[in-house]
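Take a look at the structure below.
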Amino acid sequence: MSAILSFDNVWVEYRDKVVLESVTLDIEERSFVSLVGPSGAGKSTFLRLVLGQEGPTRGTVLLDGTKLKPECEPDRGVVFQKYSVFPHMTALQNVMLGLECARAPVMARLYGKARKRARDEAAAMLEAVGLAHNLDIYPAQMSGGMQQRLAIAQALVKHPRILLLDEPFGALDPGIRLDMQALVTRLWREHGLTILLVTHDIQEAFKLGTRVLAFDKRRHDPHAPHRYGATAVYDVALDRKDREDAERELAAHLSPQPAAAGAA
Amino acid sequence: MRVVNIKLNRGGRLLAGAIPIIAMLIVYGVMSAARLEANEYDKVLPTFGAMSDAFLRLAIETDARTGQITLLADTLASLRRLGIGAAIATLSALVFGIALGVVPTVRAALGPLIGIIAVIPPIAILPILFIALGLGETSKIALIAIGIAPFMIRDMAAHVSALPVEQIIKAQTLGANSWQLTLRVVVPQALPRLIHSLRLSMGPAWVFLISAEAIASNVGLGYRIFLVRRYLSMDIILPYVAWISLLAIATDALLMLLSRRAYPWAHEGGR
């Protein structure tokens, strides 16, 4: 396995606030990396760096050995907690959009045979996420779980090098959540995906991931908490049997919540 | 039962809505009768019969001087001005509003200018329009367009910039460039709002139309009202006002229908 994504001494700063400091790590192809950590520890910033929604202040991020531009490109797909799908398009149209953008530069719409082909591809992808019977309904008519399935199909139809999941199941009911975890695991195996999953749920992180990265601040200055950034303080590759031990170890590892830290 | 929990059924709602209207008409009828009893030549509160006679005369008979049916000519002239003015405003809201909402550079360049234009009371520039464009149709249409366009542009820009950033990012990860993003993600979601914003702007548009017609015109609903005012012809003014409200209600209903038909996803989540 080779590194698909490399972070080399990456810093992200907003004015005098340091969000991420000296992040250096490689992510292997076909790995399933869970990102955990307390709120404000830079998980989402890390994801935005990979996504290209923003660029690092210092350091470099390499995708397949090439420096990432600070702009989103179709080689990195994303599913957010919400608003990932387009409310004005049916399920099928939502998934076809990615194909239409690539194949119809001016109109972003396909006609005739090309449309039929894109439609079939999109329908197959919707079937793979379990929405085969809901091709022509709008997102507002779907449950939260169905919308997330749609968002995954929409991203996968572009065959991204990396799939980014930003708390994708955070707003779902527990039962639906289990279904979605199973779906993502299956798609990851079947499609040979590389997945970065940001989650608040440590159990979920260990259940799904082949590797867990915990982001937190290494140092804490009580008088100027913004001056130290977070980095990957805990990084473990998992196989089945050491999962529970690792989970306990991480729980002990993460710093207490800010309120408790202030009192200490 | 608490007052806030009393819900009327359909018939009840219709009745409740009709009562104030009927009451108003009765009050008018009583006052009109009282004034006419005191002075049979009174023109201020004409009877319903007198109003319908006057209105029918304008609606059916051909005017000897112009050779046209007055009400029809007035209505067509006014609706034409209103329609063209509103269309220009709508089109500029679509183009500029979306450009402002989507492209940060355009917002930086044009935002302040549109902000300044928006605070100018349109009627204040009517003399400028009359001087620059003459007293013909152009200046009246321009007043309507200039009067409502800034609001519509800003409303559109605000709506577009309020689209969730997730959607914009998502579209880019699907390979959409700026144009494709605008065409497939932004414009379709902006159109129902554009219709909504047009509906809100029709009120002001009528104000600007009537004002322009009152000052310089020779045909039009506003012109007629202000013309017959000289003769205290309330029997024409009141039906004309009612006719204008009817046109306004019809326009609003049509726009609403269009929006529901064309954008089912924007109305209570789907078909």
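The values are calculated or read from the model by the stated rules, or taken from the named source; none is laboratory data. On a predicted model such as this, the values are computed, not experimentally measured, just so you know. Here the Cβ positions follow ideal geometry from the backbone for every residue, glycine too, while neighbour counts run over all protein chains shown.
Among the candidates A:207, A:241, which residue alone is basic (Lys, Arg), modelled with pLDDT under 80, in the same structural domain as residue A:39 (by TED's automatic domain parsing) and closer than 26 Å to residue A:30 by Cα?
Unique residue meeting the criteria: A:241.
Pick from region A:157-173 the residues that are aliphatic (A, V, I, L, M) and surrounded by fewer than 21 Cβ atoms within 10 Å (Cβ to Cβ): which of them is farthest from the other protein chains (Cβ to nearest Cβ)?
First pass over region A:157-173, keeping only residues aliphatic (A, V, I, L, M): A:157, A:162-165, A:171-172.
Those still in the list that are surrounded by fewer than 21 Cβ atoms within 10 Å (Cβ to Cβ) too: A:171-172.
Details: A:171: 13, A:172: 16 Å.
By that ranking, first place goes to A:172.
When residues of region A:132-155 are filtered for being in contact with a strand residue (DSSP E or B) (Cβ under 9 Å, 6 or more places away or on another chain) and within 11 Å of chain B (Cβ to nearest Cβ), how many remain?
Residues flagged as in contact with a strand residue (DSSP E or B) (Cβ under 9 Å, 6 or more places away or on another chain) and within 11 Å of chain B (Cβ to nearest Cβ) within region A:132-155 amount to 3.
Among the residues of region A:174-190, is any touching a strand residue (DSSP E or B) at 6+ places or on another chain (Cβ under 8 Å), in contact (Cβ under 8 Å) with a residue 60 or more places away in the chain and either within 11 Å of chain B (Cβ to nearest Cβ) or not in a helix (DSSP H, G or I) (or both)?
The answer is no, given that none of the residues of region A:174-190 is touching a strand residue (DSSP E or B) at 6+ places or on another chain (Cβ under 8 Å), in contact (Cβ under 8 Å) with a residue 60 or more places away in the chain and either within 11 Å of chain B (Cβ to nearest Cβ) or not in a helix (DSSP H, G or I) (or both).
Counting only residues that are facing another protein chain (nearest Cβ under 9 Å) and touching a Leu at 6+ places or on another chain (Cβ under 7 Å), which one in region A:91-116 is surrounded by the fewest Cβ atoms within 10 Å (Cβ to Cβ)?
If we take residues in region A:91-116 being facing another protein chain (nearest Cβ under 9 Å) and touching a Leu at 6+ places or on another chain (Cβ under 7 Å), then A:104 is surrounded by the fewest Cβ atoms within 10 Å (Cβ to Cβ).
May I ask you to list pairs of residues, at least six apart or on different chains, whose Cβ atoms are under 6 Å apart, with the first in region B:47-74 being under 20 Å from residue B:241 (Cβ atoms) and the second being at pLDDT below 90 and not hydroxyl-bearing (Ser, Thr, Tyr)?
B:70/B:63
For region B:193-201, indicate whether the set of residues that are closer than 30 Å to residue A:51 by Cα, assigned by TED's automatic domain parsing to the domain that holds residue B:146, over 15 Å from the mean Cα position of the chain (by Cα) and not acidic (Asp, Glu) is non-empty.
Scanning region B:193-201 turns up no residue that is closer than 30 Å to residue A:51 by Cα, assigned by TED's automatic domain parsing to the domain that holds residue B:146, over 15 Å from the mean Cα position of the chain (by Cα) and not acidic (Asp, Glu).
Looking only at strands (runs of 3 or more DSSP E) that lie completely in region A:1-56, which have at least 3 residues being among the β-branched types (Val, Ile, Thr)?
Output list reads A:3-14, A:17-28.
Find the residue count for region B:23-42, including only residues that are within 30 Å of the chain's Cα centre (by Cα) and surrounded by 11 or more Cβ atoms within 10 Å (Cβ to Cβ). Give the steps one after another, and end with the answer.
In the first step, residues of region B:23-42 are kept if they are within 30 Å of the chain's Cα centre (by Cα); the result is B:23-29.
Restricting the remaining residues to those that are surrounded by 11 or more Cβ atoms within 10 Å (Cβ to Cβ) gives B:25, B:28-29.
Qualifying residue count, region B:23-42: 3.
So for region B:241-259 (the condition being within 14 Å of chain A (Cβ to nearest Cβ) and either among the hydroxyl-bearing types (Ser, Thr, Tyr) or within 30 Å of residue A:74 (Cβ to Cβ) (or both)), does at least one residue qualify?
yes
For region B:175-185, what are the residues that are touching a residue at least 60 places away in the same chain (Cβ under 8 Å) and either surrounded by fewer than 18 Cβ atoms within 10 Å (Cβ to Cβ) or facing another protein chain (nearest Cβ under 7 Å) (or both)? Write out each step before concluding.
Of all residues in region B:175-185, those touching a residue at least 60 places away in the same chain (Cβ under 8 Å) come to B:178, B:181-182.
Result: B:178, single match.
Restricting attention to region B:75-122, which residues are in contact (Cβ under 8 Å) with a residue 40 or more places away in the chain and of a type in the set (S, T, N, Q)?
Those that are in contact (Cβ under 8 Å) with a residue 40 or more places away in the chain and of a type in the set (S, T, N, Q): B:75, B:78, B:90, B:92.
Condition first: assigned to a helix (DSSP H, G or I), in contact (Cβ under 8 Å) with a residue 24 or more places away in the chain and not hydrophobic (A, V, I, L, M, F, W, C). Now tell me which residues in region A:103-157 satisfy that.
Initially, region A:103-157 is screened for residues assigned to a helix (DSSP H, G or I), giving A:103, A:112-128, A:139-141, A:144-156.
When the remaining residues are screened for being in contact (Cβ under 8 Å) with a residue 24 or more places away in the chain, the result is A:119, A:121-123, A:125-126, A:128, A:139-140, A:144-145, A:147-156.
Selection gives A:119, A:121, A:139, A:144, A:145, A:147, A:148, A:149, A:154.
Might you let me know whether region A:46-53 holds any residue that is at the interface with chain B (Cβ under 9 Å from one of its Cβ atoms), among the aromatic types (Phe, Trp, Tyr) and crowded, with 20+ Cβ neighbours inside 10 Å?
No - not one qualifying residue is present in region A:46-53.
Of the conditions (1) assigned to a helix (DSSP H, G or I); (2) more than 25 Å from residue B:218 (Cα to Cα), residue B:40 satisfies every one except a single condition; which number is it?
Result: residue B:40 passes all but (1).
May I ask you to list the residues in region B:144-174 that are within 14 Å of another protein chain (Cβ to nearest Cβ), surrounded by fewer than 23 Cβ atoms within 10 Å (Cβ to Cβ) and not aliphatic (A, V, I, L, M)?
Result: B:159, B:164, B:166, B:167.
Scan region A:30-39 for residues that are out of contact with any His (no Cβ under 8 Å at 6 or more places or on another chain) and buried (at least 17 other Cβ atoms within 10 Å of the Cβ) and jot them down.
Passing the criteria: A:31, A:32, A:33, A:34, A:35, A:37, A:38.
Scan A:87, A:70, A:74 and give me the residue that is in a loop (DSSP other than H, G, I, E, B), over 20 Å from the mean Cα position of the chain (by Cα) and within 14 Å of chain B (Cβ to nearest Cβ). Lay out the reasoning, then the answer.
Details: A:70 fails: over 20 Å from the mean Cα position of the chain (by Cα); A:74 fails: over 20 Å from the mean Cα position of the chain (by Cα).
Among A:87, A:70, A:74, only A:87 is in a loop (DSSP other than H, G, I, E, B), over 20 Å from the mean Cα position of the chain (by Cα) and within 14 Å of chain B (Cβ to nearest Cβ).
Suppose we filter A:58, A:48 for residues that are within 22 Å of residue A:212 (Cβ to Cβ), in the same structural domain as residue A:199 (by TED's automatic domain parsing) and of a type outside the set (Gly, Ala, Ser); which single one remains?
A:48
Any idea which of (1) crowded, with 18+ Cβ neighbours inside 10 Å; (2) within 10 Å of another protein chain (Cβ to nearest Cβ); (3) not basic (Lys, Arg) is the one residue A:27 doesn't satisfy?
(2)
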